[in-house]
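K.L.:
Before I ask anything, let me first share the structure, which is written out below as structure tokens.
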Amino acid sequence: MSLLPILEFPDPRLRKIAGPVSVFDEKLEALIDDMFETMYDAQGIGLAATQVDVHKRLLVIDVSENKDSPLTFINPEFEIIEDELSEYDEGCLSVPGFYETVSRPQRIRVRAQDRAGQAFEMEADGILAVCIQHEIDHLEGKLFVDYLSSLKRQRIRKKLEKEHKKSA
């Protein structure tokens with residue numbers, strides 16, 4: 001397994017729309033394992049393939065306290081079960097150091113495939129529902145900063161661009 005570089009906002013590759021996964025092989029298994037290792041190393045709870053510059057509909061999530069409940073979602077889609085919105089302070093490995101309040105539906109039903117390509121369906125609420133929606137947004141080329149005012153988004157962009165110049 002190896003750590004993958006995580007793209008950071010405003011990198012234009014984060015805006016690419018991911019294509020479906022159609023081949024379930026050792027290469028995909030290795031990518032999933034590398035994504036989990038990368039996510040855990042970065043202290044995240046979710047990571048979309050888009051964030052590691054692989055534009056396939058794949059995401060990994062682990063919202064458990066002990067980081068012992070890894071979930072893999074391939075070709076995920078969701079539907080809203082409950083229209084009521086909840087506000088969460090969201091962060092993102094591609095927007096390091098920033099947390100902003102975002103409103104999302106509380107309960108969703110997600111359909112996806114697992115590592116072996118087997119279809120499954122599950123309901124999610126709370127932080128898991130938020131995380132799934134956040135990561136699926138990445139597959140659509142959308143970031144949590146897109147839910148913020150243009151002023152906040154611009155401020156975050158400028159700070160991150162300044163950081164990137166310092167570290168270059």
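The values are calculated or read from the model by the stated rules, or taken from the named source; none is laboratory data. Here the structure is a predicted model, which is why all the values come from computation and not from measurement. So basically every Cβ, Gly included, is an ideal-geometry build from the backbone, and we count neighbours across all protein chains shown. Each accessible area value is taken on the protein alone, full model and side chains, heavy atoms only, with ligands, DNA and RNA left out. Shrake-Rupley method; radii C 1.70, N 1.55, O 1.52, S 1.80 Å.
K.L.:
In region 98-111, what residues are open to solvent by 10 Å² or more (accessible area, probe 1.4 Å) and touching a residue at least 40 places away in the same chain (Cβ under 8 Å)?
P.N.:
Within region 98-111, Phe98, Glu100, Ser103 qualify.
K.L.:
Tell me whether region 52-70 contains one or more residues that are farther than 23 Å from Glu37 by Cα, open to solvent by 20 Å² or more (accessible area, probe 1.4 Å) and not hydrophobic (A, V, I, L, M, F, W, C).
P.N.:
no
K.L.:
Which one is farthest from Leu71 (Cα to Cα), of the residues in region 17-41 that are open to solvent by 40 Å² or more (accessible area, probe 1.4 Å) and assigned to a loop (DSSP other than H, G, I, E, B)?
P.N.:
Result: Ile17.
K.L.:
Now for a separate question. Do any residues in region 26-49 that are without any contact (Cβ under 8 Å) to a residue 60 or more places away in the chain have Cβ atoms under 8 Å from those of residues that are part of a helix (DSSP H, G or I), where the two are at least six apart or on different chains, and which pairs are they?
P.N.:
Once the first residue is without any contact (Cβ under 8 Å) to a residue 60 or more places away in the chain and sits in region 26-49, its partners that are part of a helix (DSSP H, G or I) give Leu31/Ala49; Asp34/Val52; Met35/Ala49; Met35/Val52; Thr38/Val52.
K.L.:
Take the conditions in contact with a helix residue (DSSP H, G or I) (Cβ under 7 Å, 6 or more places away or on another chain) and either open to solvent by less than 70 Å² (accessible area, probe 1.4 Å) or assigned to a strand (DSSP E or B) (or both) and apply them to Leu14. Does it pass?
P.N.:
Yes.
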